[in-house]
Each structure stands twice: as C-alpha cells, then as structure tokens.
Amino acid sequence: MRPGRKVLLSFLALFAGCVILFAFDLILGSVKIPFGQILSVFEGDSANKSWYYILWGFRLPKALTALLTGAGLSVAGLQMQTLFRNPLAGPYVLGISSGASLGVALYVLAGTFFSFGTINILTGMLGSWGLILFAIAGAGLVLVLVFLTSLKVNDPVSLLIIGIMFGSITGAVVNVLQYFSDPLNVQSFLIWTFGSLGGVTWDKLYILVPVVLIGLLIAVGLQKPMNALLLGDNYAQGIGVNVRKIRLWVILSTSLLAGSLTAFTGPIAFIGVAVPHLARSVFKTSDHMILIPGSALIGSCLMLICDIVSQLPGYQNTLPINSVSAIFGAPVVIWVIIRSRNVKASFS
C-alpha cells in the first residue's frame, strides 16, 4: 500500500472514530438516552422534554468543548515540541498552563480587591472575555520566559526543570492570592483547577470557538516553516525562513490555544505532550502538514474518551477531567522516555 493511501486511511479512521465517540458522549451519562432518540430530541419531536434540555443545554456543548480542547492542546503541544526541539515539551509540562492558571487567578481572585460590596467590578466589566484575555496573557508571559531561557540553555532536561520552576513560581503567586481572597472565590477557583468540560455553556462557546480556530489557523499557516525549524535555525534561515517572526507566531498561536482552553476548562495535563507522539507513531512522519491535522484528530478522540470515562456512565458522580487525562497521557510520556532512553533523543 502506498504511504499516501495509508495516511488517507488513517485520517478516515480517526475521523470516523471522532464521530462515533462524539455520539457516545451524547448518549452516555447519568441519564441514558437511546441513540435512536437523539435526532428526534434535537428536532423537538421527542415527548421527553428533559432529554432535550440534557442534550442541548449540557451534553452537546460539553462534547464540542472536548473536540476543541483535544485539538487545541494537542496542536499547541506539537508546536512547542518543534519550537524547543524537545520531545517532552507541552503546555502543562513547561508551565504554560500554570501561566494561564495565574491569569485566571488574577482575574477571579484579585476581584476581591476590585469589588464594591458584593459586586466584582473587574468581572462585571469584562465578563468571560476578561477571563480568556487574562489566561492568554498569563500563558503568553510564561511561554516567552521559557523561550528566552531556552536560548541560554541547550540541555532539554534543564529546560524541563526550568519550566517546572516557572510553574512553581506562578503557583506560589496563586497561593498568595488565595490567602487574601474571599472564601467563595477561593472555592470557585479550586473547583476550576480540577478541570471540567461541563462548565462551558453556549455563551462561552461563542467566545471559545473563534479564539481556538484562530490559533489552529495560525498553526496550519506555519506548517512549512515548522518543518524547516526541525532541521535547525541555520537551515531554516538558509531557505529564507524568518526564524524570529515564525517563533513569535508560534508563541501567539500556542498562547491563544493553551490560554483560552485553560481559562474555560481548567489546567488539563498530558494531552499536549502525549498526543503529538501518538500522531508520529500513527503516521510515521515528522511532516507538520500531516501531524497538525493528525494531532488534532487524535487529541479530539482522546478528550472524548476522557469525557466519557469521567462521566461514570450510569452514576451521578463525575470525575475531574484532569485526573482522567493523566491516566491516559502519563503512560505515553513514560513510553517516550523509555524508548528514547534520554530526552535528548531526536524525534522519530
């Protein structure tokens, strides 16, 4: 079978998998809705009105959020692994998600210092846009700091440690904000840190969808330059790539993706670092023209699986999505380390 045909079949299989998993994500939950009733429910023909509210008001936006989250975090992780030429780079590992968390904490918790009675002036003025802007700014700040550090440090292990330290610093600032904040705001923030797809309503999706799509479109436009970056800065410059400009675009795309998604779903671990490796294993290539859509599809499938598992179908309880994603993602990271034997190894 020709390589091009294998790639096409892989894409078709992943797309079919996404469709099937999306359907299961709508069906399964504490209330089981028969598959044959889903279309009639959306068309308004079902006699069971509660099914309509469950599907349209909760499960459909949650499933769409899973698609966006899986695709966005996976592509962000792929871009970071290319930018830093580090197989273990990712939004969570290098502290980018922690930077977004700091932005959210400043927006939610610092509102205590910008309130009038029970009215939070900051959130009242900016709403959900403020949340997403603060998260993007926090993610971008940490990403720029890690990138500037990477120019001085060539050892991937040291860079990972530095990323963890940046995450610790942002965590310390968040702890200080929690100490001085209103208990209700602290409780709300702690629940957010567990990670959840169910809190994204249609109003939030109207904000999240365009921001994530912009981040993904930027990544698609950077496919060829990122292929050149894999061969080194000197090679990229030799073929006419403006390396500094491309880095800025990668930082912008990653900040939009990691910041916006973390703002609304919480810090979700391991998806960004694990999925690009799964994509390389499936497609047997380092070509970003294949890896970007491939990572997006695999990430979407994986997040749908995590969401299905987190719902504990048939039970009333829901697991934190962050815990479920770690169960699936952490073994992939361990596999990468064992296969490479050291994180200096090149991508396969």
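So here's what we get for this one:
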item	result
Hits among lysines - C-alpha to C-alpha of Lys284 under 17 Å, sequence gap 8 or more where chains match	Lys6
Gln223-Phe42 FRET efficiency (beta carbon distance; Förster radius 41 Å; 0.05 resolution)	0.70
Selected from Leu257, Leu184, Leu94 as most flexible by GNM, with the chain as the system and alpha-carbon contacts under 10 Å	Leu184
Proxy reagent accessibility, fewest Cβ within 10 Å first, across Arg244, Arg339, Arg85	Arg244, Arg339, Arg85
Burial ordering of Asp25, Asp182, fewest other beta-carbon atoms within 10 Å first	Asp182, Asp25
Whichever lysines have a C-alpha closer than 23 Å to that of Lys152, once near sequence neighbours (fewer than 8 apart) are set aside	Lys245, Lys344
Mean separation of Cα contacts under 8 Å (6+ apart) over length of the chain, as relative contact order %	31 percent
With eigenvalues of the C-alpha gyration tensor scaled by 5 and rooted, segment 55-96, Å	29, 9, 5
Per-residue Cβ neighbour rank within 10 angstrom, fewest leading, Tyr107, Tyr179	Tyr179, Tyr107
Under the Karplus curve 6.51 cos²θ - 1.76 cosθ + 1.60, θ = phi - 60°, whole-Hz ³J(HN,Hα) for segment 187-204, x wherever Gly or Pro sits	4, 4, 5, 4, 5, 4, 5, 5, x, 7, 9, x, x, 8, 8, 4, 4, 6
Computed Rg/Rh of segment 149-221, alpha carbon atoms with Kirkwood Rh	1.11
Top of Gly272, Gly103, Gly57 by mean-square fluctuation, Gaussian network on the chain, Cα under 10 Å	Gly57
Magnitude of the charge dipole, the chain, Cβ model with Lys/Arg +1 and Asp/Glu -1, debye to 20	1060 debye
Cross-link reach list, lysines versus Lys49, counting only Cα pairs under 29 Å and skipping chain neighbours closer than eight places	Lys32, Lys62, Lys204
Translational diffusion coefficient (Stokes-Einstein; Kirkwood radius from C-alpha pairs) of the chain at 25 °C, 0.890 mPa s, in µm²/s	118 µm²/s
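Where a number appears in this text, it was derived from the coordinates with a stated rule and is not lab data. Predicted model, so just to flag it, every value in this text is computed and none were measured. Because the Cβ atoms are built from the backbone with ideal geometry, glycine has one as well, and the counts that use them run over all protein chains shown.
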